[in-house]
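Asks: Below you'll find the structure I mean.
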Amino acid sequence: MKNTFQEISTLRKEGKIDDAYHLAEEALKDTPDDLWTKRAMGWVLYEYLDQSATNRDFSKYLHWLQEMVALHLGNEESMLMDSVMWSLRKLLADADAKSAEYDQLLSSLQQLPHPQKGKAYSSVLSAALRLGGKWLHLSSFIDWWGLDNLSGEDYDEVTLSNGSKMMSLAERAIICYSKILLREGEEDSITRFVSYIRSVIEQHKEYVYPPYYWAKLLLKKGDGQAAYDLLKQFARLKSREFWVWQMLADTQSDCDLKMSFLCKALACGGKEEMLVSLREESALLFANMGHLSEAKYEALRAIEARKRKGWSLTNGLRNIQVEKWFMQTTATRNNEPFYRRFSDKAERLILGEPSRFTCLVTYVNEEKRMVSFVTEDKIQGFFKMDKKFPEIKKDSLVTFQANALGEDRPTLVRNVEVELDRVHPSFYRQFEGKYLNKGAFGMVEDVFVEPHFLSGITHGNIVKGVACISFDRKKKRWGWRALSIEVVR
């Protein structure tokens, strides 16, 4: 029936889709098992699927997909199935259907020849992952899709058209499926998926968030020690995030350690509406450990935040409000000193014993709140400014505590202090000598003088001042740059 196949294909390519459909329909009545006619009809149905997806007509898409199922095509129709996947990706990217309709879609997909891994197939998963809030049984779709079908490219970071980066499809799938299991997963399902995450992370140690969800799944299984061991490494990367420390607290059975982790979480801060569960958990523990004023402070902050957002109070907060201790206790005005007092143990367990560093500030990016520095040993690094830090200016001296200095990632610093005196010999020195005008700049022996100092200074003047170390990018070496200068004669 190749002639009929050609006739149907010609009509389809000319855009006469309905005519092609009716011709294929009549031909199939006479020869329902003819492979060529079924293939021709398959491509016609693809056109209808693509139209339905473009028009965001979910019900029509389901209708045509069911007709595709009725053809009973074999696994050799890879090109057709690839095209169907592109239409499906288009549908899922724009559709706004009910969860039951997505279930019908999956039921039909399960009856088609399973697509081969590749760009089209991966694009379908990428689109489906955005439906987490709409599709109650998204996990069933992911199971059908099969994460073992991720291609090599799916494990790589994605570069978007605007040049920004997005995490790999594999990471997004792991996070999405983990969230589903954390809500409703049974132990056997969690055990299987934990094994999968482990195998992925062993090959992709650059992934940041999958280890976090691995730890959360372990915690759900009741394996607190394994979760703690995993979170230790993650916490070093995300030590400024309150939720990491809160989760570490959940791995602890010892009340003193749990309180230390909660205090560290609270010290990190964040938007009040994001901290409500942390404050409630802390209030309960602080009260149980006898820190009643501090407990009331946390409870009141959680209650106020919920009321501002129009959220109802949790049963836990309602119960706290009627406790005798709550009604008889005066809350502290601020729990910051309490956090500092008890968070040290948590910090040392996760971040290790800190060292004290003295550094020269070489650059301050106010917009990004980043500070670049150099140490006495000429090690360069940078750290992120915190609202609690004192004011930091370029060419000033700072001291801070840190466990390690990172040149390719922000150094995690604490207890930052600014030194006002410019007397440290590793960074500053006094100079005196003859000023030599070099045009756009000046020199006093080996001290570079920037243009803004040139006014009022004449070539040959004897000058003096204070200089700091400075890196010469052209010569790729350290030198000296004037911070102040005055004419002697």
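The values are calculated or read from the model by the stated rules, or taken from the named source; none is laboratory data. Computed from a prediction, not measured in an experiment: that's the story for all the values here. Virtual Cβ from ideal backbone geometry, glycine too; neighbours counted across all protein chains shown. Only protein heavy atoms, including side chains, enter the accessible area calculation; ligands, DNA and RNA are left aside. Shrake-Rupley method; radii C 1.70, N 1.55, O 1.52, S 1.80 Å.
Asks: Identify, please: which residue in the range 266-295 is at pLDDT 95 or above and of a type in the set (Gly, Ala, Ser) and is, among those, surrounded by the fewest Cβ atoms within 10 Å (Cβ to Cβ)?
Replies: Checked the range 266-295; the qualifying residue surrounded by the fewest Cβ atoms within 10 Å (Cβ to Cβ) is GLY290.
Asks: A follow-up question, please. Under 7 Å by Cβ, and 6 or more places apart or on different chains, what pairs join a residue from the range 342-371 that is charged (D, E, K, R) with one that is outside any helix (DSSP H, G or I) and surrounded by 16 or more Cβ atoms within 10 Å (Cβ to Cβ)?
Replies: ARG356/GLN401; ARG369/MET385
Conditions tested, residue by residue: (1) over 50 Å from the mean Cα position of the chain (by Cα); (2) open to solvent by 50 Å² or more (accessible area, probe 1.4 Å).
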{"site": "ASP19", "(1), (2)": "yes, yes"}
{"site": "HIS22", "(1), (2)": "yes, yes"}
{"site": "ASP30", "(1), (2)": "yes, yes"}
{"site": "LEU35", "(1), (2)": "no, yes"}
{"site": "LYS38", "(1), (2)": "no, no"}
{"site": "MET41", "(1), (2)": "no, no"}
{"site": "TYR46", "(1), (2)": "no, no"}
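Asks: Also, quick follow-up: Given the conditions (1) assigned to a strand (DSSP E or B); (2) open to solvent by less than 20 Å² (accessible area, probe 1.4 Å); (3) touching a helix residue (DSSP H, G or I) at 6+ places or on another chain (Cβ under 8 Å), which single one is not true for VAL371?
Replies: (3)
Asks: Among all residue pairs at least 6 apart or on different chains, which show Cβ distances below 6 Å where the first residue, located in the range 88-112, is surrounded by 20 or more Cβ atoms within 10 Å (Cβ to Cβ) and the second is among the polar types (S, T, N, Q) and at pLDDT 90 or above?
Replies: Qualifying pairs under 6 Å: ARG89/SER123.
Asks: Could you tell me whether the range 201-213 includes any residue that is surrounded by 14 or more Cβ atoms within 10 Å (Cβ to Cβ) and without any contact (Cβ under 8 Å) to a residue 24 or more places away in the chain? Quick ask: steps written out before the conclusion?
Replies: The initial filter retains those residues of the range 201-213 that are surrounded by 14 or more Cβ atoms within 10 Å (Cβ to Cβ), namely 201, 204, 207, 209-213.
Narrowing the set further to residues that are without any contact (Cβ under 8 Å) to a residue 24 or more places away in the chain leaves 201, 211.
Within the range 201-213, one or more residues are surrounded by 14 or more Cβ atoms within 10 Å (Cβ to Cβ) and without any contact (Cβ under 8 Å) to a residue 24 or more places away in the chain.
Asks: Another one. Can you pull out the residues in the range 94-127 that are in contact with a helix residue (DSSP H, G or I) (Cβ under 7 Å, 6 or more places away or on another chain), of a type in the set (A, V, I, L, M) and not in a loop (DSSP other than H, G, I, E, B)?
Replies: LEU105, LEU106, LEU109, ALA120, VAL124, LEU125, ALA127, listed by residue number.
Asks: Sticking with this one: Looking only at the range 136-182, how many residues end up being open to solvent by 40 Å² or more (accessible area, probe 1.4 Å) and more than 16 Å from ALA120 (Cα to Cα)?
Replies: Just the residues of the range 136-182 that are open to solvent by 40 Å² or more (accessible area, probe 1.4 Å), to begin with: 136-137, 140, 143, 148-149, 152-153, 155-167, 172, 179, 182.
Next, from what is left, pick out any that are more than 16 Å from ALA120 (Cα to Cα): 136-137, 140, 143, 156-157, 159-167, 172, 179, 182.
The qualifying residues number 18.
Asks: Right, here's the next one. Going through LYS475, LYS434, LYS393 one at a time, which residue ends up being open to solvent by 100 Å² or more (accessible area, probe 1.4 Å) and at pLDDT below 90? Don't jump to the end; show me each part of the working.
Replies: Working: LYS434 fails: at pLDDT below 90; LYS393 fails: at pLDDT below 90.
Among LYS475, LYS434, LYS393, only LYS475 is open to solvent by 100 Å² or more (accessible area, probe 1.4 Å) and at pLDDT below 90.
Asks: Given the condition assigned to a loop (DSSP other than H, G, I, E, B) and either over 20 Å from LEU11 (Cβ atoms) or of a type in the set (Phe, Trp, Tyr) (or both), answer yes or no: does some residue in the range 36-50 qualify?
Replies: Applying the first criterion (assigned to a loop (DSSP other than H, G, I, E, B)) to the range 36-50 yields none.
No, the conditions are met nowhere in the range 36-50.
Asks: Taking the condition among the hydroxyl-bearing types (Ser, Thr, Tyr) and surrounded by fewer than 15 Cβ atoms within 10 Å (Cβ to Cβ), does SER122 pass?
Replies: Working: among the hydroxyl-bearing types (Ser, Thr, Tyr): yes; surrounded by fewer than 15 Cβ atoms within 10 Å (Cβ to Cβ): no.
Considered against the rule, which asks whether it is among the hydroxyl-bearing types (Ser, Thr, Tyr) and surrounded by fewer than 15 Cβ atoms within 10 Å (Cβ to Cβ), SER122 comes out as no.
Asks: Give the residue that is nearest to LYS345 (Cα to Cα), with candidates limited to residues of the range 247-265 that are open to solvent by 40 Å² or more (accessible area, probe 1.4 Å) and in a loop (DSSP other than H, G, I, E, B).
Replies: Among them, the one singled out is ASP254.
Asks: Related question: Check whether at least one residue in the range 398-406 is open to solvent by 30 Å² or more (accessible area, probe 1.4 Å), in a loop (DSSP other than H, G, I, E, B), under 19 Å from GLU366 (Cβ atoms) and free of Cβ contacts under 8 Å to residues at least 60 places away in the same chain, and report yes or no.
Replies: Taking the range 398-406 as the starting set, the residues that turn out to be open to solvent by 30 Å² or more (accessible area, probe 1.4 Å) are 401, 403-405.
With in a loop (DSSP other than H, G, I, E, B) added as a condition, the list becomes 403-405.
With the extra rule that they be under 19 Å from GLU366 (Cβ atoms), the set shrinks to none.
Within the range 398-406 (the criterion being open to solvent by 30 Å² or more (accessible area, probe 1.4 Å), in a loop (DSSP other than H, G, I, E, B), under 19 Å from GLU366 (Cβ atoms) and free of Cβ contacts under 8 Å to residues at least 60 places away in the same chain), the answer is no, since none of the residues qualifies.
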